[in-house]
Amino acid sequence: MLGSAAFAQEAVPLTEELFTLPWVIADFEGRSDVEYVTSPTFGIFEVADRDVGGDTPCAHSWNGKIDLDLPAVTISEVEAFHSDECPADRDTMTLLKLFEQVAAARTGVDGLELVASDGRRLMLLVSGG
């Protein structure tokens, strides 16, 4: 039986430092059930230059620019290689389109959420283990 400490998770404060952590994209709007080559990832590479990127579900790199005025977040200039030969290519394209819809971030007990301007969660990011 798990002790009460196992259920004591709390949301952490939303700070720019959170975005410098390595994140796995655990869930996103429109995700299918296909098997991924690798888990998609998200992280800021260079804060001063606003460089953001990670891996796609097809194990290709993606990159873009990020602006943080928390809680407001915008991601632009998103680019990635994609191939119709990868079974997760549709999810890769969905994810890339979602990045450019991000309007804000919020934290919760599940992780870091990137949300649309209407408040719906576009993707859930998790970090650590």
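The values are calculated or read from the model by the stated rules, or taken from the named source; none is laboratory data. This one's a predicted model, so the numbers in the text were calculated from it and none came from an experiment. Backbone-built Cβ (ideal geometry, glycine too); neighbour counts: all protein chains shown. In case anyone asks, the SASA skips ligands and DNA or RNA and just uses the protein heavy atoms, side chains included. Shrake-Rupley method; radii C 1.70, N 1.55, O 1.52, S 1.80 Å.
Secondary-structure-derived ellipticity at 222 nm for the chain, considering helices only, amounts to -2500 deg cm²/dmol, per-run term -39500 (n - 2.57) for DSSP H runs with n ≥ 4.
Among the GluC sites (Glu not before Pro) in the stretch 46-86, those located in a DSSP loop and surrounded by at most 10 other Cβ atoms within 10 Å of their own Cβ are 85.
In the frame of its principal axes, the chain has Cα extents of 47, 38, 28 Å, reported largest first.
The length gained on full extension between residue 47 and residue 12, counted as 0.36 nm times the residue separation minus their Cα-Cα distance, comes to 10.6 nm.
Expressed as a whole percent, the accessible surface of the chain that belongs to carbon and sulfur atoms is 51, based on a 1.4 Å probe. For the stretch 1-122, a crude dipole built from +1 on the beta carbon of Lys and Arg and -1 on the beta carbon of Asp and Glu, taken about the Cα centre, is about 300 debye to the nearest 20.
State, as an integer percentage, the relative contact order of the chain based on alpha-carbon contacts under 8 Å between residues 6 or more apart. In percent, rounded to a whole number, it is 25. Centroid-to-centroid, using Cα positions, the stretch 61-76 and the stretch 86-117 are 11 Å apart. Counted residue by residue at 0.36 nm each, then reduced by the alpha carbon distance between them, the extension gain from residue 32 to residue 106 reaches 24.2 nm. The distance between label points at residue 39 and residue 126 comes to 0.6 nm (points 7 Å beyond Cα on the Cα→Cβ vector).
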